[in-house]
Ligand SMILES: NC(=O)c1ccc[n+]([C@@H]2O[C@H](COP(=O)([O-])OP(=O)(O)OC[C@H]3O[C@@H](n4cnc5c(N)ncnc54)[C@H](OP(=O)(O)O)[C@@H]3O)[C@@H](O)[C@H]2O)c1
């Protein structure tokens, strides 16, 4: 599997396991199983209420901690300096680790002191509690401000991205500024696999529609994807997507799909096109 690297020190396997909305023993078992199958990138967050279950999996697995890329986040109501620090401390304790590989602001807040939050994020990296830092769900204008005005050494942005949602502007920006783009909800929670065009491509290659949707993302420079899968069969199918070979005709069909479908847009979401 390819590992995405950035000038700021990121080493992130391109395919990871999303853990929301798994909790407790179900989550622990799914993470242990994924690590057994060969996953080396796990995505969690305090908001998923499963960091302790992920931590339990890290203790159970034979795979050493240093071989695993671990991402966690901080919720948008904890972006003041002391609250952000406490959130990361709580995450480290729950995960049973001294450092996460990537620490991200989960959502931008409204009416917040952006500069102080970003300074804290950067300080936590400098103190070694997070090997890399990033942001999730930031629209382009805000990302630009963080990178160019505040000069934060971000390694990654995490946003919803799949065959039914265009993210070209963010992707161009991420590539130009040396950031990886992690695609969350990469299967559009099943909607991608329902598209006739995706089914047609899958039938042509004798693979699963979900594998077509995933490989389309993984073929793109600088893009990682974190599908959530709990069953062994789905986890393995997503790993096997790496072997699928799409051609130009397939990519043209996918490019022609409608690209405005946002699966995740809670009421606290930012104005996406800002
Ligand atoms: N930063 C953010 O704000 C944010 C927001 C949303 C999500 N995320 C992250 O992204 C991860 C993934 O997103 P998501 O869970 O929203 O959506 P998703 O990965 O697009 O879809 C997950 C669904 O697809 C099914 N699935 C997985 N592999 C499959 C396969 N090979 N064939 C058929 N079905 C398959 C899963 O079923 P089974 O479980 O039964 O296998 C599950 O129901 C989350 O777990 C989370 O870590 C981040």
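Just so you know, all these numbers are worked out from the coordinates, no wet-lab data involved. What you see is a predicted model; the values in this text were computed from it and never measured. Methodologically, a virtual Cβ is constructed for each residue, glycine included, from the backbone with ideal geometry; neighbour enumeration extends over all protein chains shown.
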Region 158-174 to region 203-274: how many Å between their Cα centroids?
11
Gain on full stretching of the segment that runs from residue 90 to residue 263 - 0.36 nm per residue minus C-alpha separation:
59.4 nm
What number, rounded to the nearest 500 deg cm²/dmol, is the helix-based mean residue ellipticity at 222 nm of the chain, given -39500 (n - 2.57) per DSSP H run of at least four residues and division by all its residues?
-11500 deg cm²/dmol
If I histogram all Cα-Cα distances within region 40-186 using bins 5 Å wide from 0, what percent of pairs lands in each bin?
2, 9, 21, 22, 20, 14, 8, 3, 0
Compute and list, largest first, the equivalent-ellipsoid semi-axes of region 2-122 from the alpha carbon gyration tensor, each √(5λ) rounded to a whole angstrom.
25, 17, 12
Two-site FRET efficiency, residue 59 against residue 249, from Cβ-Cβ distance with R₀ of 35 Å, rounded to 0.05:
0.15
Report, for the chain, the % of DSSP beta bridges that are antiparallel, rounded to 5.
15
If you average the C-alpha positions of region 182-197 and of region 98-140 separately, how far apart do those two centres end up, in angstrom?
28
In units of 2.2 N^0.38 Å, the Cα radius of gyration of region 195-234 is 1.25
Can you pull the one-decimal nm distance between simple spin-label points at residue 23 and residue 219, each 7 Å off the Cα toward Cβ?
3.9
Nearest 10 degrees is fine. How inclined is helix 81-95 to the longest principal axis of the chain, computing both from alpha carbons?
60
On a 0 to 90° scale, report how tilted helix 196-205 is relative to the longest principal axis of the chain, with both axes built from alpha carbons and the result rounded to the nearest 10.
70
Could you tell me the convex hull volume per residue, in Å³, taken over the Cα atoms of region 181-274?
117
Assuming 0.36 nm per residue, please report the length gained on full extension of the stretch residue 166 to residue 142 beyond their Cα-Cα distance.
6.8 nm
By how many degrees, 0 to 90 and rounded to 10, does the Cα axis of helix 209-218 deviate from the longest principal axis of the chain?
50
In what order do 20, 107 fall by count of nearby beta-carbon atoms within 10 Å, going from fewest to most?
20, 107
Projected area averaged over orientations for the chain, convex hull of C-alpha atoms, nm²:
13.2
Honestly region 35-88 on the Cα gyration tensor test (a ≥ b ≥ c root eigenvalues; a/c under 1.5 rounded, otherwise a/b vs b/c for prolate or oblate) is just prolate
